[in-house]
Amino acid sequence: MSPDSGHHADSPALLDRGDTRLKDRSGIAGALKAFADRVQSGDLGSLPVVIGLAIIWTVFQTLNPVFLSPRNLVNLLFDCSTVGVISLGIVCVLMVGEIDLSVGSVSGLSSAILGVLWVRLGWPPELAILAALAAGCLIGCLYALLFNRLGMPSFVSTLAGLLGFLGLQLYILGPKGSINLPYESPLVTFGQLLVMPAPVSYALAAVPGALTLVRRLRTARRRRASGLSSRALGGLLLEAGLITVVLEGMAYYLNFARGVPWMFGLFVGLVMAMNYALRSTQWGRSMTAVGGNREAARRAGIDVRLIYASAFALCSTLAAAGGLLSAARLASSNLQAGTVDVNLNAIAAAVIGGTSLFGGRGSAYSALLGIIVIQSIASGLTLLDLSSSLRYMITGGVLAIAVVVDSLARRSRVSHGRA
Amino acid sequence: MTQLADLSASDPRSLVSLRTISKNFGAVSALTEVDLDIFPGEIVALVGDNGAGKSTLVKILAGVLQPSSGAIAFDGAPVTLSNPSAALRLGIATVFQDLALCENLDVVANIFLGRELSPLQLDEVAMEVRAWTLLGELSARIPSVREPVAALSGGQRQTVAIARSLLMNPRVILLDEPTAALGVAQTAEVLNMIERVRDRGLGVVIISHNMEVVRAVADRIVVLRLGRNNGVFPPDASNHDLVSAITGADDNAVSRRARSVAQPRSLNPGRH
Ligand SMILES: Nc1ncnc2c1ncn2[C@@H]1O[C@H](COP(=O)(O)OP(=O)(O)OP(=O)(O)O)[C@@H](O)[C@H]1O
Ligand SMILES: [Mg+2]
């Protein structure tokens with residue numbers, strides 16, 4: 001092949017390095033340059049949200065030194081987990097280019113189902129939880145049916161659901177209104193108190209880095225064996241090391257206060273599972289394809305309806321799961337559950353985290369990053385004793401900025417050929 | 001769709017036969033009682049003017065559109081191609097005129113879309129190797145298969161769509177204007193590829209407006225005009241016959257132009 005394979009000259013020419021126009025981006029410097037190229041062409045990924053988070057944290061920390069204290073951050077993580085799980089479902093529907101505006105109501109309904117079945121009717125809590133999740137799944141299937149069979153835009157059907165399921169929540173809670181969940185029950189402990197023992201938190205914080213390293217090394221070895229270019233060992237070690245150091249540092253810091261909430265561990269576990277499903281399975285590939293070009297996906301033989309159904313069902317089920325977690329967090333199923341700003345926070349988190357409203361582009365991690373931004377703002381404003389009116393306005397402003405960034409990046413991608 | 005159309009008249013050797021296929025879009029009848037046979041080891045060229053119904057016919061064969069009436073037989077057995085996966089399952093691969101690629105996915109993902117290796121843990125390495133091999137066979141000029149398809153030129157995209165159609169060892173390949181955007185070398189490679197798969201015993205349908213391409217590879221030229229069959233020609237048929245079948249008249253723009261070019265121009269004697 002070409003002599004320009006550069007420093008690979010001693011090894012046989014690589015399958016994917018044959019084109020002379022291709023710049024070598026293999027070393028650490030190359031990786032940085034490639035990253036800069038991507039950002040320039042509008043493929044921003046999670047860069048804006050990381051920058052935004054740094055700004056938000058600096059501002060609030062200077063206004064109130066309690067903000068970044070371990071104690072406050074532990075609370076922040078407890079609060080993140082409930083809406084974060086809902087936001088993870090939103091990522092799914094956004095991936096296929098649809099929307100679910102009813103996640104707040106569905107989460108409220110699910111917490112009501114839990115309270116009524118468990119406390120009022122005396123069901124075992126496990127069964128009540130299952131029933132609430134099943135109800136969520138059923139609602140998602142209903143949206144999918146309306147979308148697939150009747151061509152009803154998800155915007156409209158879920159807007160109807162927003163009102164309808166809020167009504168259902170109020171109906172099943174009845175005139176007595178809120179239900180207190182048993183305070184000593186494992187569920188409430190999980191939602192309010194349960195944190196990892198320090199050694200467990202350190203062990204778990206090492207997992208993502210180790211997993212990354214093992215997977216990357218295996219891929220690199222297989223790529224070399226197949227005659228493809230592969231990433232150098234140094235870069236891989238650096239990446240995995242960086243992840244591990246950051247996570248261990250966080251665990252260390254949080255362990256000055258109560259420690260890492262198990263609920264947050266559950267949330268991160270779900271995010272990682274969703275990331276795997278979206279990135280490394282046929283289902284995830286089909287989701288991205290349907291969101292990018294529905295007709296092309298159909299012509300490739302993908303069952304487009306099934307993909308939409310899975311997205312809606314997953315979203316509503318995760319919304320129900322988020323409702324259960326927030327019931328556990330508040331130790332009650334009440335009329336306000338899911339009504340206040342859960343809906344917009346969940347959607348805003350996904351978009352702020354970098355999942356596109358236009359479909360076909362996003363990542364499970366956007367739910368994690370986005371919800372940390374949203375909860376940071378909420379927590380910072382609460383610490384400053386600002387009213388919720390201001391909180392709404394600021395969160396709305398941040399959402400608007402995120403959507404503007406999304407649209408601008410999309411335009412730039414189109415002009416740089418990265419649609 | 002009615003299955004009543006007479007399939008018994010179809011040739012027993014044919015791989016795919018379409019009988020009296022009609023397709024209406026509202027008041028427009030894009031196809032009217034069209035017949036077409038595809039034989040194994042044969043290249044059929046489908047020609048016709050813009051809007052003649054070629055792409056519509058291909059989409060019906062690919063399961064993308066359903067005929068308003070008529071019957072389709074595959075291997076002699078009547079089939080209903082109610083969706084694209086039904087056609088793909090039979091081994092009918094298609095390169096669409098509009099290519100139908102996902103711009104947000106990279107080249108490898110597009111080539112393997114819907115047929116990914118190891119669905120629960122995608123085998124990206126094996127898929128990338130296979131993608132490079134397929135693209136190499138087509139002399140593709142694609143710098144990186146890990147770029148989103150949105151970053152490719154028109155011809156590169158066309159190559160990706162063709163590579164995609166070759167992936168699953170199909171039995172019939174339908175190519176709707178596969179060389180319209182290709183360079184000289186790539187066109188030659190695609191024509192070579194078409195002959196190679198023909199020699200392997202596949203049935204090939206190629207749509208092209210380029211008579212040179214058609215004559216170079218076709219074993220049989222089927223003409224569509226205004227949605228109807230308008231004759232079948234051997235590849236060595238005279239240009240005049242083909243053009244009048246396509247345009248439907250002896251006196252057409254092409255022949256008038258040919259005459260005026262042949263005669264010396266009286267108004268402009270300065271130039272030859
Ligand atoms: N989806 C559609 N809805 C309505 N009419 C359509 C549709 N698709 C095709 N047609 C009509 O059917 C006729 C045949 O179109 P078709 O795309 O099959 O032409 P073609 O032979 O492929 O032309 P070209 O050479 O320009 O590609 C045209 O008159 C077109 O307007
Ligand atoms: Mg056409």
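Residues in segment A:83-93 that are β-branched (Val, Ile, Thr) and either open to solvent by less than 10 Å² (accessible area, probe 1.4 Å) or not in a helix (DSSP H, G or I) (or both): A:Val85, A:Ile86, A:Ile90, A:Val91, A:Val93. Listed by first and then second residue, the pairs linking a residue in segment A:117-142 that is more than 28 Å from A:Arg305 (Cα to Cα) to a residue that is of a type in the set (Gly, Ala, Ser) and outside any helix (DSSP H, G or I), with Cβ atoms under 8 Å apart and 6 or more places separating them unless they lie on different chains, are A:Val119/A:Ser333; A:Pro125/A:Ser185.
Scanning segment B:87-121 for residues that are on the phi > 0 side of the Ramachandran plot and more than 7 Å from every other protein chain (Cβ to nearest Cβ) gives B:Gly91, B:Leu99, B:Ser118. Residues that are within 18 Å of B:Glu177 (Cβ to Cβ) and either surrounded by fewer than 21 Cβ atoms within 10 Å (Cβ to Cβ) or within 14 Å of ligand 2 (Cβ to nearest atom) (or both) do occur in segment B:63-70, at least one of them. Scanning segment B:164-188 for residues that are more than 16 Å from ligand 1 (Cβ to nearest atom), aliphatic (A, V, I, L, M) and crowded, with 20+ Cβ neighbours inside 10 Å yields B:Val172, B:Ile173, B:Leu182. Return yes or no: is B:Ala151 at the interface with another protein chain (Cβ under 7 Å from one of its Cβ atoms) and at pLDDT 90 or above? Criteria not met by B:Ala151. Taking helices (runs of 4 or more DSSP H) as the structural unit, those lying wholly within segment B:82-165 and holding at least 3 residues that are in contact with a helix residue (DSSP H, G or I) (Cβ under 6 Å, 6 or more places away or on another chain) correspond to B:107-111, B:124-137.
Among the residues making up segment B:189-243, those that are open to solvent by 50 Å² or more (accessible area, probe 1.4 Å) and in a helix (DSSP H, G or I) are B:Asn192, B:Glu195, B:Arg196, B:Asp199, B:Glu212, B:Arg215, B:Ala216, B:Asn239, B:His240, B:Asp241.
Among the residues of segment A:94-110, the one identified as acidic (Asp, Glu) and open to solvent by less than 10 Å² (accessible area, probe 1.4 Å) is A:Asp100. Among the residues making up segment B:122-132, those that are facing chain A (nearest Cβ under 8 Å) and open to solvent by 30 Å² or more (accessible area, probe 1.4 Å) are B:Glu124, B:Ala126, B:Val129, B:Trp132.
Residue-wise test of (1) away from ligand 2 (no atom under 16 Å from the Cβ); (2) among the aliphatic types (A, V, I, L, M).
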residue	(1), (2)
B:Glu195	yes, no
B:Asp199	yes, no
B:Val214	no, yes
B:Val217	yes, yes
B:Arg220	yes, no
B:Val223	no, yes
B:Val232	yes, yes
B:Ala237	yes, yes
B:Ser244	yes, no
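If you check A:Ala319, A:Ala297 for being of a type in the set (A, V, I, L, M) and free of Cβ contacts under 8 Å to residues at least 12 places away in the same chain, only one passes: A:Ala297.
A count restricted to segment A:123-158 and to residues that are β-branched (Val, Ile, Thr) and out of contact with any Ser or Thr (no Cβ under 8 Å at 6 or more places or on another chain) stands at 2. Restricting attention to segment B:182-196, the residues being among the aliphatic types (A, V, I, L, M) and over 14 Å from the mean Cα position of the chain (by Cα) number 4. Selection over segment A:269-294 of residues that are at the interface with chain B (Cβ under 7 Å from one of its Cβ atoms) and assigned to a helix (DSSP H, G or I) gives a count of 6. If you go through segment B:7-25 and keep only what is surrounded by fewer than 18 Cβ atoms within 10 Å (Cβ to Cβ) and within 16 Å of ligand 1 (Cβ to nearest atom), you end up with B:Asn24, B:Phe25. Within the set A:Ser226, A:Ser230, the sole residue that is more than 22 Å from the chain's Cα centre (by Cα), buried (at least 18 other Cβ atoms within 10 Å of the Cβ) and under 24 Å from A:Tyr276 (Cα atoms) turns out to be A:Ser230. Go through segment B:244-272 and count every residue that is in a helix (DSSP H, G or I) and at pLDDT below 65. Total meeting the criteria: 2. Name the single residue, out of those in segment B:133-148 being within 11 Å of another protein chain (Cβ to nearest Cβ) and among the small types (Gly, Ala, Ser), that is surrounded by the most Cβ atoms within 10 Å (Cβ to Cβ). Within segment B:133-148, the match that is surrounded by the most Cβ atoms within 10 Å (Cβ to Cβ) is B:Ala140.
Just one residue in the set A:Ala409, A:Ala350, A:Ala346 is in a helix (DSSP H, G or I), within 14 Å of chain B (Cβ to nearest Cβ) and of a type in the set (A, V, I, L, M); that residue is A:Ala409. When residues in segment B:26-54 are screened for being within 16 Å of ligand 2 (Cβ to nearest atom), open to solvent by 30 Å² or more (accessible area, probe 1.4 Å) and under 17 Å from the mean Cα position of the chain (by Cα), 3 of them pass.
Just one of the numbered conditions (1) out of contact with any Phe, Trp or Tyr (no Cβ under 7 Å at 6 or more places or on another chain); (2) more than 14 Å from every other protein chain (Cβ to nearest Cβ) is not true of B:Gly203: (1). Of all the numbered requirements in (1) in contact (Cβ under 8 Å) with a residue 12 or more places away in the chain; (2) more than 16 Å from ligand 1 (Cβ to nearest atom), B:Gly227 misses one, and that requirement is (2). Within the option set A:Arg305, A:Arg299, A:Arg329, A:Arg361, being touching a helix residue (DSSP H, G or I) at 6+ places or on another chain (Cβ under 6 Å), open to solvent by 40 Å² or more (accessible area, probe 1.4 Å) and either β-branched (Val, Ile, Thr) or within 14 Å of chain B (Cβ to nearest Cβ) (or both) holds for one residue only, A:Arg305. Output the residues belonging to segment B:23-78 that are part of a strand (DSSP E or B), polar (S, T, N, Q) and either within 14 Å of chain A (Cβ to nearest Cβ) or in contact (Cβ under 8 Å) with a residue 60 or more places away in the chain (or both). Scanning segment B:23-78 gives B:Ser29, B:Thr32, B:Ser69.
Please find, among A:Met250, A:Met263, the residue that is open to solvent by less than 50 Å² (accessible area, probe 1.4 Å), more than 12 Å from chain B (Cβ to nearest Cβ) and within 30 Å of A:Arg71 (Cα to Cα). Among A:Met250, A:Met263, only A:Met263 is open to solvent by less than 50 Å² (accessible area, probe 1.4 Å), more than 12 Å from chain B (Cβ to nearest Cβ) and within 30 Å of A:Arg71 (Cα to Cα).
The values are calculated or read from the model by the stated rules, or taken from the named source; none is laboratory data. The model shown is predicted, which means the values in this text are computed figures rather than measured ones. Neighbour counts are summed over all protein chains in view; Cβ atoms, including those assigned to glycine, are modelled from backbone coordinates with ideal geometry. The area values use the complete protein model at the heavy-atom level, side chains included, leaving out ligands, DNA and RNA. Shrake-Rupley method; radii C 1.70, N 1.55, O 1.52, S 1.80 Å.
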